[in-house]
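Everything on this sheet refers to the single structure shown next.
The values are calculated or read from the model by the stated rules, or taken from the named source; none is laboratory data. Small disclaimer: the values here were computed from a predicted structure and weren't measured. When we count neighbours, we look across all protein chains shown, and the Cβ atoms used for this are built from the backbone with ideal geometry, even at glycine. In case anyone asks, the SASA skips ligands and DNA or RNA and just uses the protein heavy atoms, side chains included. Shrake-Rupley method; radii C 1.70, N 1.55, O 1.52, S 1.80 Å.
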There are 4 protein chains.
Amino acid sequence: MIFASDNWAGAHPAIAAALSEHAGGYARAYGNSDLDRKVDDRFSEIFEREVSVFFVSTGTAANSLSLVSVNKPGGVAFCHREAHMTEDEAGAPEYFTGGARLCPVDGPLGRIDPANLDTAIARYPAEFVHSGRPMAISVTQATEIGTVYGLDDLDAVADVARRHGLPLHMDGARFANALVALNCSAADMTWRRGIDLLSFGGTKNGCWCAEAVVLFDPGMAREFAFIHKRAAQLFSKSRFVAAQFDAYLANGLWLQTARHSNAMAARLAGHLRRSPRARLAWEPQANEVFAILGADVSASLQREGVVFHPWHAPRGFAEAMAPDEAVFRFVTSFATTQEDVESLGALIA
Amino acid sequence: MIFASDNWAGAHPAIAAALSEHAGGYARAYGNSDLDRKVDDRFSEIFEREVSVFFVSTGTAANSLSLVSVNKPGGVAFCHREAHMTEDEAGAPEYFTGGARLCPVDGPLGRIDPANLDTAIARYPAEFVHSGRPMAISVTQATEIGTVYGLDDLDAVADVARRHGLPLHMDGARFANALVALNCSAADMTWRRGIDLLSFGGTKNGCWCAEAVVLFDPGMAREFAFIHKRAAQLFSKSRFVAAQFDAYLANGLWLQTARHSNAMAARLAGHLRRSPRARLAWEPQANEVFAILGADVSASLQREGVVFHPWHAPRGFAEAMAPDEAVFRFVTSFATTQEDVESLGALIA
Amino acid sequence: MIFASDNWAGAHPAIAAALSEHAGGYARAYGNSDLDRKVDDRFSEIFEREVSVFFVSTGTAANSLSLVSVNKPGGVAFCHREAHMTEDEAGAPEYFTGGARLCPVDGPLGRIDPANLDTAIARYPAEFVHSGRPMAISVTQATEIGTVYGLDDLDAVADVARRHGLPLHMDGARFANALVALNCSAADMTWRRGIDLLSFGGTKNGCWCAEAVVLFDPGMAREFAFIHKRAAQLFSKSRFVAAQFDAYLANGLWLQTARHSNAMAARLAGHLRRSPRARLAWEPQANEVFAILGADVSASLQREGVVFHPWHAPRGFAEAMAPDEAVFRFVTSFATTQEDVESLGALIA
Amino acid sequence: MIFASDNWAGAHPAIAAALSEHAGGYARAYGNSDLDRKVDDRFSEIFEREVSVFFVSTGTAANSLSLVSVNKPGGVAFCHREAHMTEDEAGAPEYFTGGARLCPVDGPLGRIDPANLDTAIARYPAEFVHSGRPMAISVTQATEIGTVYGLDDLDAVADVARRHGLPLHMDGARFANALVALNCSAADMTWRRGIDLLSFGGTKNGCWCAEAVVLFDPGMAREFAFIHKRAAQLFSKSRFVAAQFDAYLANGLWLQTARHSNAMAARLAGHLRRSPRARLAWEPQANEVFAILGADVSASLQREGVVFHPWHAPRGFAEAMAPDEAVFRFVTSFATTQEDVESLGALIA
């Protein structure tokens, strides 16, 4: 019963098959193969406009290089206090930008509060040289705590971005999980809302190593090519990433795996709602479930072989818990079986 | 007849099979799986001492992070004038080190000349603050032009490094090709010669994306872990690289694919030696063959569907060529067939 | 009536005279003159131990290079939320360190609260590669809001630093003002408390451009020399800074100008305490006085030609003010006259 | 008899007097004083167009920040092989740009050869992502070896810059010395030739610490303000630099001191031309004289108290010297007296 992370799952069989299928023969290196082109076109199709796509090795690379592409001397990027880029990337965004700052913004349930965002930006007047200046805003969709920005939530953030003239980035490490939760189109969740740059993640949702930066303004591509290469992110045999995306984006596989993950999470949430021994920390919307467990319950689950991780209680949350309680994260993936969820459900019943 | 680059080949069937085999099930992320451990041990076995291994996405990343690990304010790293790190990495080593300089050193046939190296280092006195100071030396094995440092050549460079107290890095993007050319052990070609840091490449020799930094001083690993993560190079599903290395390093596959590549290059060299229409630029020692072709010959080969690339004539070389002649590179790989080499041989006969 | 900043004052006559005196003749460049040596020795005398001193052009340079000297990949430096390095240096510390992070720590009246510091550091476990890791702590003495760390306050912060094995930096842009407030020796306020690195400011207290990094471990000097030069901070005619420090540190001038500034601030505070139209925001301890003024009072002072600046109300402070009130800063310097203070006092009486 | 460097001289009496004169009273900090404005206007007057001026602490800072202002990912800047920025700035330009590369270009007598420049640039095709790409060209006027680019020399370099679409920077650490050598206007030697950015040096020619970046496109100023502040180069009491420039640029003082320096150099050159014991290495055009001296002559001069430095023989030059000969540099300044030159002349007669 592995609920540790969607990174603990391997590759979906269709992804593994695509890799095998493309193992033979020759193909141009460095992103110039026919398969690379095909995948580029597929991204444009999915987003209903011409986009530029650059494969990278990790979500951290995608986030960092997105910020590099809008970098400014003295620049400050705004993200949620619990965002992956500020909590779990060891300073990579600051490193790749040569010292840009990440300014944390608070907001309930993992989402940036637009009013807080406005206040945070206002502390960095665009022309006051002493404090640095705003350069970008980043939202995480789905958020780090398994919630999802609704389309109106995104509109509200985009509105702040627009008023301040700031580019808007989306960290979509769990893009598909959010997309199927909202049941809208990829275009509706991104550029139609005002998103300029996207970290598009495939790894957590069934690929092995398939992350990309999607630029909604293809005019940025020429500059980004140098940003990408200079950051050691230009794969020589890029077809091995292309092959993954090719299978991932074909026949709706990516939506299907995301729907399965989300469904498994919803099922687990149901168990928690009914449990006398545990409770939901908040309602999950994607493929992460956060539960409040007493020390005895968490220990007993671990003894039974359930693998899961503790999590920081968000601001203002610790107060609602008993002294021996803590927040724990359970992540589902394309590989999570209904049997595992039911077994876990039985353990907390 | 593809002789464009060993990067145009796909994955060796055994590598593809290993990926498929490890596609299912759960494994710890971020380099902590059992398979990661197994591959670490295998590296230590191959190098006959405990080493630390970090997977990275590209050879550029391996070279750049190797330099970061020995970086100094005002640091200057010395490499051959034609080295990949200075010619083909778009400034990545300078970028990741925050501005270290690469100082080109000349030497015949792609190898650093130890006397030139000594002179180049002497221009940066270790205590003279104005000029910057030496921080590292890097050799490329096999070299960018398909030659190989003999063990005594490595000794001579290592001797300079030792006298100046400088760490010695080896860019082993084609490590296996050099190793089988020298027919010695991996330990003999590296730390026994004085190599401190190694960029170990598997991609060009049959993997899809398998590059690693090998630290011969495992005491550097703790610091390198942060260098690695901060550079966006810590793969979440690192088992997909581990699986490649596992198959690559098992049963001598890596040596076998390298021997095949080198043999194909040697066979092509034989054709060139006998050709009335073309000639070898210099004797190949690994899997790259450089030929001097007249404009008519190169054009006719292209018409026949041979894919290969022009190459800068090394310093002092252009003089030996007729005005319409140029240097061209032909690269062989694990995937090169004897039939293709014979067909090419027939075209230049 | 200029209370805008101690940066608005010029140079103390003795400083100006020293510059004139040293204008003629030849002297070795780049910090190697006899006068440079003399000033080095004077610093060692003042601090009662051998120290290494590097002149820099601004306090921002002093702070940034101090952090560079203890920089680590993924490093996080802890400072007060209102510290100059995080509020007013446009990201210079992050830039010079190539992306180190400044983590703000709260604490009442401009001083880091040791318990909060401990908590903040604990969020970055030294071995957990994902979050980054602690690398330094910085205190500002006197603080940005005119208060001073007592010796026991410094001990408490140093104790946290020691427990976490972190170097401790002091931003002493107003070092002399704090020193005379505590009425202790420079050694007692620094290395005897556990300070490792000091930004020593002379500019605000009567010099023109005299800032220095003081290293209490002279063994760091060799490395710092490259950090300093690479940062474009090695003055060719360094004697012009040396001449300022020579006069500044002779005959107690620096303490005398600081005592005067502090006394003028104390006098102004007295007026505010007695004023029916204004009140002290908090008790000043050095040469900055913060007052809470209603909109009518601040406007009338401006009309009368008093120059002063609004200031962010510290956290939790805004609640104590009426809607039309705001916090304003009045800074005194060596050049502030008793007449100006009395005139201002009369205006708020 | 000090001929070590123009950096060994102090301040011209008029500069020292200006500092004293502006020591008292209050002035806005951070470049906003009336005197700052006056100096800005004076620069615009001298250059016969509106320019933007930023004071910096060293020539290294001026050069580095100039490059930052035209920085690109993967960027390569071209300068003469012996240029100060590549030989004597400890990697500062690479550091401040986050890893841009300096590509050395050869050319006789310290001047970039336009054909070599063209060839060097051609090795970095603007769209080929692997090699990096051209971003700027820098000329040094007067050159590091005391020669001067004629207006047609500048035109030839500017022509290459224009064809490649590259910004052109001038390192004018000895700007005035070159200007009076050419006897043209400052506008003629800069933007009318195609110079976009200028490091304008006053320190070597009679100031204490007065260096500036001059932007001929004032539209760059807004961005440069952040580049400048982030680099710790925004002086709080900037009037102390302004006061120096104010006196330096008034009544032609700067041209007068430069003419004196150059005349002293010319006089020394005359002695060398007539000397039986020494000879000119090449004809001086500004305030640096390079002589070829046998070991006995250089030793005897040192014994007589002449202070001067050895110098690298430029490429292709060493061959023309006897085994015991070496090149030595003699630098004159505003402070050099005719008596000293005559005394030196007598010693080599």
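Go through region C:233-249 and give me each residue that's over 17 Å from C:Ala61 (Cβ atoms) and either among the aliphatic types (A, V, I, L, M) or open to solvent by 10 Å² or more (accessible area, probe 1.4 Å) (or both).
Answer for region C:233-249, where residues must be over 17 Å from C:Ala61 (Cβ atoms) and either among the aliphatic types (A, V, I, L, M) or open to solvent by 10 Å² or more (accessible area, probe 1.4 Å) (or both): C:Arg239, C:Ala243, C:Asp246, C:Ala247, C:Leu249.
Quick test of your reading of the structure: A:Asp153 fulfils all but one of (1) modelled with pLDDT under 95; (2) more than 19 Å from A:Gly99 (Cα to Cα). Name the failing condition by number.
For A:Asp153, the exception is condition (1).
Report yes if D:Gly206 is open to solvent by less than 20 Å² (accessible area, probe 1.4 Å), on the phi > 0 side of the Ramachandran plot and in contact with a His (Cβ under 7 Å, 6 or more places away or on another chain), otherwise no.
Judged against the criteria, D:Gly206 is a match.
Is it fair to say C:Ala299 is hydrophobic (A, V, I, L, M, F, W, C), within 19 Å of C:Arg174 (Cβ to Cβ) and assigned to a helix (DSSP H, G or I)?
no
Among the helices (runs of 4 or more DSSP H) lying completely within region D:208-285, list those that include at least 3 residues that are in the same structural domain as D:Ala176 (by TED's automatic domain parsing) and either among the acidic types (Asp, Glu) or touching a Pro at 6+ places or on another chain (Cβ under 6 Å) (or both).
Once the helices (runs of 4 or more DSSP H) in region D:208-285 are filtered for at least 3 residues that are in the same structural domain as D:Ala176 (by TED's automatic domain parsing) and either among the acidic types (Asp, Glu) or touching a Pro at 6+ places or on another chain (Cβ under 6 Å) (or both), what remains is D:221-230.
Go through region B:131-144 and report how many residues are more than 15 Å from B:Val105 (Cα to Cα), surrounded by fewer than 24 Cβ atoms within 10 Å (Cβ to Cβ) and at pLDDT 95 or above.
1
Under the condition of being touching a Leu at 6+ places or on another chain (Cβ under 6 Å) and touching a residue at least 40 places away in the same chain (Cβ under 8 Å), which residue from region D:247-281 is farthest from A:Gly132 (Cα to Cα)?
D:Ala278
So which of C:Val289, C:Val341 is under 24 Å from the mean Cα position of the chain (by Cα), outside any helix (DSSP H, G or I) and within 20 Å of C:Trp8 (Cβ to Cβ)?
Just a single option satisfies the conditions, and that option is C:Val289.
Consider D:Ala186 carefully, then state whether it is open to solvent by less than 30 Å² (accessible area, probe 1.4 Å), more than 14 Å from every other protein chain (Cβ to nearest Cβ) and within 13 Å of the chain's Cα centre (by Cα).
no
So which of C:Asp118, C:Asp171 ends up being more than 27 Å from C:Gly206 (Cα to Cα) and of a type outside the set (A, V, I, L, M, F, W, C)?
So the residue among C:Asp118, C:Asp171 that is more than 27 Å from C:Gly206 (Cα to Cα) and of a type outside the set (A, V, I, L, M, F, W, C) is C:Asp118.
Criterion first (of a type outside the set (A, V, I, L, M, F, W, C), touching a helix residue (DSSP H, G or I) at 6+ places or on another chain (Cβ under 9 Å) and closer than 22 Å to C:Gly31 by Cα) does C:Lys204 satisfy it?
no
Inside region D:125-156, can you point out the residues that are in contact with an Asp or Glu (Cβ under 9 Å, 6 or more places away or on another chain) and either within 14 Å of chain A (Cβ to nearest Cβ) or within 20 Å of D:Lys72 (Cβ to Cβ) (or both)?
Selection gives D:His130, D:Ser131, D:Gly132, D:Arg133, D:Ala136, D:Ser138, D:Val139.
Looking at C:Arg230, is it among the charged types (D, E, K, R), within 14 Å of chain D (Cβ to nearest Cβ) and either open to solvent by 10 Å² or more (accessible area, probe 1.4 Å) or within 14 Å of the chain's Cα centre (by Cα) (or both)?
The answer is yes for C:Arg230.
Given the condition within 30 Å of C:Val68 (Cα to Cα) and buried (at least 20 other Cβ atoms within 10 Å of the Cβ), answer yes or no: does some residue in region C:278-286 qualify?
Checked region C:278-286: at least one residue is within 30 Å of C:Val68 (Cα to Cα) and buried (at least 20 other Cβ atoms within 10 Å of the Cβ).
When you look at B:Leu215, is it open to solvent by 10 Å² or more (accessible area, probe 1.4 Å) and away from chain A (no Cβ under 14 Å), yes or no?
Judged against the criteria, B:Leu215 is not a match.
Go over the candidates B:Ser298, B:Ser333 one by one and state the one that is among the polar types (S, T, N, Q), modelled with pLDDT of 95 or more and farther than 26 Å from B:Gly206 by Cα.
From the options B:Ser298, B:Ser333, the qualifying one is B:Ser298.
For region A:167-183, what are the residues that are surrounded by 23 or more Cβ atoms within 10 Å (Cβ to Cβ) and without any contact (Cβ under 8 Å) to a residue 60 or more places away in the chain?
A:Leu168, A:Met170, A:Gly172, A:Phe175
Looking at the structure I just gave you, is B:Ile15 over 30 Å from D:Gly91 (Cβ atoms), among the aliphatic types (A, V, I, L, M) and open to solvent by 10 Å² or more (accessible area, probe 1.4 Å)?
no
Counting only residues that are more than 14 Å from chain A (Cβ to nearest Cβ) and touching a strand residue (DSSP E or B) at 6+ places or on another chain (Cβ under 6 Å), which one in region B:37-72 is nearest to B:Gln233 (Cα to Cα)?
By that ranking, first place goes to B:Val53.
Which residue out of B:Gly98, B:Gly75 is in contact with a strand residue (DSSP E or B) (Cβ under 8 Å, 6 or more places away or on another chain), more than 22 Å from B:Asp155 (Cα to Cα) and within 14 Å of chain D (Cβ to nearest Cβ)?
None of the other options fit; the residue is B:Gly75.
Please enumerate the residues belonging to region B:78-95 that are within 20 Å of B:Leu117 (Cα to Cα) and more than 7 Å from chain D (Cβ to nearest Cβ).
Once the filter is applied, which keeps residues that are within 20 Å of B:Leu117 (Cα to Cα) and more than 7 Å from chain D (Cβ to nearest Cβ), region B:78-95 yields B:Phe78, B:Cys79, B:His80, B:Arg81, B:Glu82, B:Ala83, B:His84, B:Met85, B:Thr86, B:Pro93.
Limited to region C:197-207, what total is found for residues that are in a strand (DSSP E or B) and more than 13 Å from C:Ser66 (Cα to Cα)?
1
When both residues are 6+ apart or on different chains and their Cβ atoms are under 6 Å apart, which pairs have a first residue that lies in region C:10-25 and is facing chain D (nearest Cβ under 7 Å), and a second that is of a type in the set (Ser, Thr, Tyr) and open to solvent by 40 Å² or more (accessible area, probe 1.4 Å)?
C:Ala16/D:Ser20; C:Ser20/D:Ser20
Restricting to region B:303-325, name every residue that is closer than 29 Å to B:Asp113 by Cα, in a helix (DSSP H, G or I) and not hydrophobic (A, V, I, L, M, F, W, C).
B:Glu319
State whether one or more residues within region C:252-271 are open to solvent by less than 20 Å² (accessible area, probe 1.4 Å), in contact with a Lys or Arg (Cβ under 7 Å, 6 or more places away or on another chain) and not small (Gly, Ala, Ser).
No; the residues of region C:252-271 include none that is open to solvent by less than 20 Å² (accessible area, probe 1.4 Å), in contact with a Lys or Arg (Cβ under 7 Å, 6 or more places away or on another chain) and not small (Gly, Ala, Ser).
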